[in-house]
Amino acid sequence: MPVMRLDRFFSSQDILTRKEVKSFVKLGMIQVNRIPASSPEQRIDTEKDQISLNGNEVPYEPYLYLMLNKPQGVVSATEDTRNPTVLDLVPPEYFRSGLFPAGRLDKDTVGFVLLTNDGDFAHEILSPKKHVPKTYLVRLDGPLTPEGIRRLEQGIELADGSLCQPAEVFLREDETEPLCEMVLREGKYHQIKRMFGVLDLGVIWLKRTKIGGLCLDEKLPEGGCRKILHKEKEKILCTYTMPVE
Ligand code: URA
């Protein structure tokens with residue numbers, strides 16, 4: 001929406017709070033097209049008007065990219081009648097219309113969900129043609145054999161006959177329970193659970209730890225959500241992978 005109130009313009013860009021806009025307008029520190037703003041409610045058009053703060057132009061960035069550490073029991077949808085959705089975990093200051101999860105995790109899967117209102121960027125991450133890797137940690141109910149790894153790495157055939165692209169599999173030897181790291185470059189429905197199902201293994205815990213070259217922030221608690229910085233966003237489209245240490 002290009003037309004909005006001046007205070008909303010600044011708060012949506014995380015530059016000033018509404019309260020700050022009020023005092024800055026009073027002090028004459030905010031200009032619209034080089035004329036001091038008349039009030040925080042003044043309506044501006046982000047496509048036509050030039051907004052300045054203290055004489056410095058403030059460009060409008062319409063898109064927002066958020067990193068969410070999804071807990072179990074939350075669905076990767078924008079609305080649901082029974083369960084909390086990933087949008088319910090977005091703090092009010094980041095909430096924008098048009099925000100949606102770029103890629104789904106199952107209700108019982110935890111970890112990295114990217115939320116954005118940038119449809120083109122979401123398409124780039126999700127399109128199998130772009131090969132953006134998604135990295136998962138998988139806890140299994142039994143040991144993964146070298147033969148099982150070979151089949152996953154070659155591209156396993158699912159029970160319905162569909163063929164998976166080759167996955168990268170790294171065993172975590174130091175763990176007491178069978179744990180492995182998997183990298184996929186596509187996203188079929190329940191893919192990891194179905195891949196291990198073919199090998200007669202159950203997935204007892206699943207976490208997405210990385211999208212492209214961007215790791216889930218370890219400091220983000222389950223249910224936590226924060227902005228993805230510009231330099232982090234560039235890492236997302238990185239298609240090269242290394243096992244997470
Ligand atoms: N594979 C699954 O089976 N579930 C997920 O949530 C993600 C990948």
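The values are calculated or read from the model by the stated rules, or taken from the named source; none is laboratory data. Bear in mind that the values here come from a model prediction, so they are computed numbers and not experimental data. Because the Cβ atoms are built from the backbone with ideal geometry, glycine has one as well, and the counts that use them run over all protein chains shown.
Odds and ends about this structure:
- Yes/no for Met182 being part of a strand (DSSP E or B), more than 14 Å from Phe112 (Cα to Cα) and in contact (Cβ under 8 Å) with a residue 40 or more places away in the chain: yes
- Counted residues, region 83-105 - those being out of contact with any Cys (no Cβ under 8 Å at 6 or more places or on another chain), part of a loop (DSSP other than H, G, I, E, B), within 27 Å of Phe10 (Cβ to Cβ) and of a type outside the set (A, V, I, L, M): 4
- Only one entry of Ile204, Ile236 meets the criterion of being at pLDDT 90 or above and within 19 Å of the chain's Cα centre (by Cα), and that entry is Ile236.
- Qualifying residue in region 86-105 (condition: touching a Pro at 6+ places or on another chain (Cβ under 6 Å), within 15 Å of the ligand (Cβ to nearest atom), in the same structural domain as Lys235 (by TED's automatic domain parsing) and among the aliphatic types (A, V, I, L, M)): yes
- For region 106-132, the candidate set comprises residues that are within 16 Å of the ligand (Cβ to nearest atom) and under 11 Å from the mean Cα position of the chain (by Cα); within that set, the residue that is farthest from Gln13 (Cα to Cα) is Gly111.
- Within region 211-230, the presence of at least one residue that is within 16 Å of the ligand (Cβ to nearest atom) and part of a strand (DSSP E or B) is confirmed.
- Lone unmet requirement of (1) at pLDDT below 95; (2) out of contact with any His (no Cβ under 6 Å at 6 or more places or on another chain) for Lys210: (1)
- Pairs, first over 9 Å from Lys235 (Cβ atoms) and touching a residue at least 12 places away in the same chain (Cβ under 8 Å) in region 206-218, second within 16 Å of the ligand (Cβ to nearest atom) and acidic (Asp, Glu), C-beta under 9 Å, six or more apart: Leu206/Asp106; Leu206/Asp108; Thr209/Glu181
- Sole residue being without any contact (Cβ under 8 Å) to a residue 24 or more places away in the chain and charged (D, E, K, R), chosen from Asp7, Asp45, Asp49, Asp14: Asp49
- Residues in region 151-173 that are surrounded by 13 or more Cβ atoms within 10 Å (Cβ to Cβ), in a strand (DSSP E or B) and free of Cβ contacts under 8 Å to residues at least 40 places away in the same chain were compared, and the one that is farthest from the ligand (Cβ to nearest atom) is Leu171.
- Test: residue in region 54-68 that is farther than 25 Å from His190 by Cα and among the hydrophobic types (A, V, I, L, M, F, W, C): yes
- When Leu144 is tested against the conditions (1) within 16 Å of the ligand (Cβ to nearest atom); (2) at pLDDT below 95; (3) outside any loop (DSSP other than H, G, I, E, B), the lone failure is (3).
- Single residue of region 106-141 satisfying the filter (of a type in the set (Lys, Arg) and not in a loop (DSSP other than H, G, I, E, B)) that is farthest from Glu61 (Cα to Cα): Arg139
- Among (1) of a type in the set (Val, Ile, Thr); (2) in contact (Cβ under 8 Å) with a residue 60 or more places away in the chain; (3) more than 22 Å from Pro128 (Cβ to Cβ) - the single one Thr176 does not satisfy: (2)
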